[in-house]
Amino acid sequence: MNTTSAATASAVTFVWLGMVLAISFLEAPLKFRAPGVTIPIGLGIGRMVFRALNLVEAVLAAVVVVAVAVGGAPAATVGLTAAVVVLLLVQLVFVRPRLNRRSDRVLAGEEGPRSRGHLVYVALEIAKVAVLVALGVSLLTV
């Protein structure tokens, strides 16, 4: 793989990883513990933050895909790139819309059991973190 593509993809991958770790595993759970933050306020903030994060993730994913594609990456790196893109797409296409519908109902005052969709989203985030680490490491070693 050419060094410019590898360096670009590696840097973008680690920025992406840092954003996911900071938002999903630090900001998201802590906002509900802040004084005065109600469930509706927390959900409203969370929706805005995750909408922005997912938009940035899509841009970062596109940059990584292009860098890997033009850089002549080895098959393992291509596979890891495909895996992280698939994880992101599953979150955006299948899980986020369900979470948005659920939060709409909660914001409208509906009560019910906790959402399992959040557990699915968290599991996908954990998998995405693992793949981003592996991808970043593989890009550093090409």
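Of note:
- Residues located in region 44-61, provided they are open to solvent by less than 40 Å² (accessible area, probe 1.4 Å) and small (Gly, Ala, Ser): 44, 46, 61
- Pair list, Cβ < 8 Å and 6+ apart or interchain, from region 84-112 residues that are more than 24 Å from residue 41 (Cα to Cα) to residues that are at pLDDT below 90: none
- Test result for residue 10, small (Gly, Ala, Ser), touching a residue at least 12 places away in the same chain (Cβ under 8 Å), surrounded by 15 or more Cβ atoms within 10 Å (Cβ to Cβ) and under 15 Å from residue 125 (Cα atoms): no
- Of all residues making up region 115-136, the number that are surrounded by 14 or more Cβ atoms within 10 Å (Cβ to Cβ) and more than 14 Å from the chain's Cα centre (by Cα): 5
- Qualifying residue in region 78-87 (condition: more than 18 Å from the chain's Cα centre (by Cα), open to solvent by 50 Å² or more (accessible area, probe 1.4 Å) and closer than 21 Å to residue 58 by Cα): yes
- Filter pass, residue 103 being over 16 Å from the mean Cα position of the chain (by Cα), surrounded by 15 or more Cβ atoms within 10 Å (Cβ to Cβ) and within 19 Å of residue 24 (Cβ to Cβ): yes
- A Cβ distance below 7 Å, combined with a sequence gap of six or more or placement on separate chains, defines the contacts here; from region 124-142, residues that are in contact (Cβ under 8 Å) with a residue 60 or more places away in the chain reach residues that are of a type in the set (Gly, Ala, Ser) and buried (at least 19 other Cβ atoms within 10 Å of the Cβ) in the pairs 125/24; 136/10; 139/6; 139/9; 139/10; 140/10; 142/6; 142/73.
- Among the residues listed as 73, 108, the single one being open to solvent by less than 30 Å² (accessible area, probe 1.4 Å) and more than 19 Å from residue 17 (Cα to Cα): 73
- Any hit, region 28-43, residues being without any contact (Cβ under 8 Å) to a residue 60 or more places away in the chain, touching a Lys or Arg at 6+ places or on another chain (Cβ under 7 Å) and open to solvent by less than 70 Å² (accessible area, probe 1.4 Å): yes
The values are calculated or read from the model by the stated rules, or taken from the named source; none is laboratory data. Fair warning: this is a prediction, and the values are worked out from it, not measured in the lab. When we count neighbours, we look across all protein chains shown, and the Cβ atoms used for this are built from the backbone with ideal geometry, even at glycine. For the accessible areas, the whole protein counts, side chains as well, though only heavy atoms, and no ligand, DNA or RNA atoms are used. Shrake-Rupley method; radii C 1.70, N 1.55, O 1.52, S 1.80 Å.
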